[in-house]
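Comments concern the structure below.
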Amino acid sequence: MSLQRKIYFMKMTPRERVIEAMSLRKPDRVPLMCQFSIGAMMQQLKPSPAEFWYDGRLFSVGLADLCERFSFDGILVSLHGHSPQWRDEILSIRKIEEGKEEVVFKDRTEIHSWNDLPMVKYNNKIEKKLIDDIDLSRDVPDFIDYIPVSQDLYFKIDSQYPFEIFGYLRELVGDKYSIHGEITSPFDYLLDLLGYEQGLISLIMNPEKCKKILEKFTENIADLAEKMCDCGIDAIKISSPFAGMGFISPEHYSEFVLPFESIIISRIKAKGKFTYIHTCGHIDDRLELMRDSGSSGLECLDPEPVGNVDLANAFSRIGDSMFIKGNIDSVNTLLFADDRKAYEVVKKIIETGMKGRGFILSTACSLAPKVSSQRIEMLHKMVEDIGYYQ
């Protein structure tokens, strides 16, 4: 390594390291940036679970704390739009036990815990409409004011404070770390609108109506993403968990996912930001389709048994045009494997990734709630020991 290159690397910050990798250039060492599941954050921080979910300042403090604690190079903001007046709609909060709280609203009751996402029970659950009964002007929103986090679980985006959390984070960490936002795929919004089963059936029974719904969601999500780009972030993750082999065919991916995500990606990139697609599970049969979206990168690439992607093979197929962020199995490697096995698996991933153009070491999907702090700390020790480029 030349003296000039060594001097350059000595000045490289965590944020610069991630940006280099996303630009398909080799930084000083492999960047490390895992997404924490909500349960993993809870297990590490032990906050009031309801307050952590709803309070934007507390959530941002937690994100910054975890990034610094485990020496990550970037922070993914998975929730945004926290309302400063979040307590106003709550009828009561009751501590059930340590790390478990009941939150009662007028229309629902939520159980928040240190173990996982909140569980929701609605007083009068509204039935999903069938595709033929959907009125585009009435049933599909004119702007995005919610995140479909999981089945029946929504995070409301406060229209007055949609992106305040990014400001909070910059106050806490400055420009040291690469901060990434997150949006949800139009396909995910479609399935949430109709229900998963009816949504997938509707792709076959009424494809044109599905496309009209997707078009409206796409325009609104793209508007949201463009505004997010103005908040000092470096990249936006597009969460598209239901676009893998377990749900739809490559043909349906080309018809109902690719064209709509491509529109959003082009508008994000026009704002000078990076994008990456996050799709869980089996995606080996659609890697090239995902590349054709124009996305800067791809996240997950779950290995067997959770998925079916071989990292070296993925780099050979799409690595010339996309950065890859992955692909440690959080459960089978970080949670259940013994120390020797976990080390060897991660070592192989680092060595394989370093041969590619752009690589960020990460869990494939988010860190599982019960992964120990020692296992997470191992990742930074490993990139420091064996992750430096020559």
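The values are calculated or read from the model by the stated rules, or taken from the named source; none is laboratory data. This one's a predicted model, so the numbers in the text were calculated from it and none came from an experiment. Don't worry about glycine lacking a Cβ; one is built from the backbone with ideal geometry, like all the others, and counts go over all protein chains shown.
Within segment 209-247, the set of residues being small (Gly, Ala, Ser), under 24 Å from GLY281 (Cα atoms) and touching a Ser or Thr at 6+ places or on another chain (Cβ under 9 Å) comprises ALA235, SER239, SER240, ALA243, GLY244.
Checked against (1) assigned to a helix (DSSP H, G or I); (2) among the small types (Gly, Ala, Ser); (3) in contact (Cβ under 8 Å) with a residue 40 or more places away in the chain, SER295 meets all criteria but (1). The one condition from (1) among the polar types (S, T, N, Q); (2) touching a residue at least 40 places away in the same chain (Cβ under 8 Å); (3) surrounded by fewer than 21 Cβ atoms within 10 Å (Cβ to Cβ) that SER240 does not meet is (3).
Would it be correct to say that THR352 is at pLDDT 95 or above, among the polar types (S, T, N, Q) and touching a Gly at 6+ places or on another chain (Cβ under 8 Å)? It is false that THR352 is at pLDDT 95 or above, among the polar types (S, T, N, Q) and touching a Gly at 6+ places or on another chain (Cβ under 8 Å).
Among residues of segment 126-148 that are farther than 21 Å from MET205 by Cα, those with a Cβ under 7 angstrom from a residue that is modelled with pLDDT of 95 or more and among the hydroxyl-bearing types (Ser, Thr, Tyr), sequence gap 6+ or separate chain, pair up as ASP145/SER159; TYR146/TYR154; ILE147/TYR154; ILE147/THR184; PRO148/TYR154; PRO148/THR184; PRO148/TYR189.
Residues in segment 285-336 that are hydrophobic (A, V, I, L, M, F, W, C), closer than 21 Å to ALA21 by Cα and out of contact with any strand residue (DSSP E or B) (no Cβ under 9 Å at 6 or more places or on another chain): ALA312 only. None of GLU255, GLU164 is of a type in the set (D, E, K, R), surrounded by fewer than 21 Cβ atoms within 10 Å (Cβ to Cβ) and over 30 Å from LEU63 (Cβ atoms) except GLU255. Quick one: is LEU24 modelled with pLDDT of 95 or more and part of a loop (DSSP other than H, G, I, E, B)? Yes.
Select from segment 319-354 the residues that are of a type in the set (D, E, K, R) and over 24 Å from SER293 (Cα atoms) and list them in ascending order. Within segment 319-354, ASP329, ASP338, ASP339, ARG340, LYS341, GLU344, LYS347, LYS348, GLU351 meet the criteria.
Contact list please: Cβ distance under 9 Å, first residue in segment 313-335 and surrounded by 23 or more Cβ atoms within 10 Å (Cβ to Cβ), second residue of a type in the set (Ser, Thr, Tyr) and assigned to a loop (DSSP other than H, G, I, E, B), pairs at least six apart or on different chains. Taking only residues 6 or more apart or on different chains, the pairs are MET322/SER295; MET322/SER296; PHE323/SER23; PHE323/SER296; SER330/SER37; SER330/SER366; LEU334/SER372. For LEU24, state whether it is more than 24 Å from PHE163 (Cβ to Cβ) and surrounded by fewer than 19 Cβ atoms within 10 Å (Cβ to Cβ). So LEU24 fits the description; yes. Candidates are the residues of segment 268-283 that are in contact with a helix residue (DSSP H, G or I) (Cβ under 8 Å, 6 or more places away or on another chain) and outside any strand (DSSP E or B); the one that is surrounded by the fewest Cβ atoms within 10 Å (Cβ to Cβ) is GLY272.
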